[in-house]
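Take a look at the structure below.
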Amino acid sequence: MARAGLLLDRDGVVNEDIGYLHRVEDCRFIDGVFDMVRAFADRAFAVAIVTNQSGIGRGLFGAEQFEHLMAWMRGEFERRGTRLDGVYHCPDHPTAGIGEFRRENPWRKPGPGMLLQAAADLELDLARSWCVGDRASDIAAGKAAGVGMLVRLDRENGSGLHQADGHWVAGSHAAIVQLLERHLAPGTEAPSSIGQP
Ligand SMILES: [Mg+2]
């Protein structure tokens, strides 16, 4: 039977978005991300990162640097008692990519390609899956893929949780865990508003 998945943006959700992160020594994890991923994994969700990485296509860093960073990042999740089941990235950019990297690609968010590939590989039930990102393009990609729960992390939003235009806005990773717990509690629907900021 297909599993639910957590389809997770990377920059601004897993790590601070410093712009084209590609070195281990520059990676700063955001508070609460490991607890959040553990909460999903403990409930039998598969967890995959889906991340636009046009820095590769722009020639700012190489695919091998990305792979090295992500191998290290996977290890950091495992060291904290959880895991990433998949990592998907899109190196292309339609205008700023160099050479073969300058192209439209449905994998690039807001396209749904990475999420659909993750769903195929990990045998996900997208309707029961969650997409967590920090930008409108993450929400658009999740919606285009048919992901059931769309959550935008907005750390300017205090610790609150509210609904906006077909998705949830959460002020922290802990608020997303709260939403998960309420959503999965038997016999209850997720409330339309929890802890307005
Ligand atoms: Mg992001």
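Just so it is clear, none of the values below were taken in a lab; they were calculated from the coordinates. Keep in mind that this is a model prediction, so the values were computed, not measured. With ideal geometry, Cβ positions are generated from the backbone for all residues, glycine too; neighbour counts draw on all protein chains shown.
What number, in percent, do you get for the relative contact order of region 1-105 if the mean sequence gap of Cα pairs under 8 Å and at least 6 apart is divided by its residue count? Before the final figure, lay out each step's value.
Numbers: 153 pairs, mean separation 30.3, N = 105.
Relative contact order, region 1-105: 29 percent.
Over 10 Å intervals from 0, what percent of Cα-Cα pairs in region 5-194 sits in each interval?
Spelled out bin by bin, region 5-194 gives 10, 38, 38, 13, 2, 0 percent.
Taking the Cα centre of the chain as origin, sum charge times position over the Cβ atoms of Lys and Arg (+1) and Asp and Glu (-1), and report the length of that vector in debye to the nearest 20.
On the way: 21 positive and 27 negative charges, 34 e Å.
My answer is approximately 160 debye.
Please report the relative contact order for the chain, taking Cα pairs under 8 Å with a sequence separation of at least 6, and give it as a percent rounded to a whole number. Kindly include the intermediate steps, with their values, before the conclusion.
Working: 390 pairs, mean separation 40.4, N = 197.
Relative contact order for the chain comes out at 21 percent.
Based only on other Cβ atoms within 10 Å, what is the fewest-to-most ordering of TYR88, TYR20? Mind dumping the intermediate values first?
Numbers: TYR88 18, TYR20 15.
So the ranking, lowest neighbour count to highest, is TYR20, TYR88.
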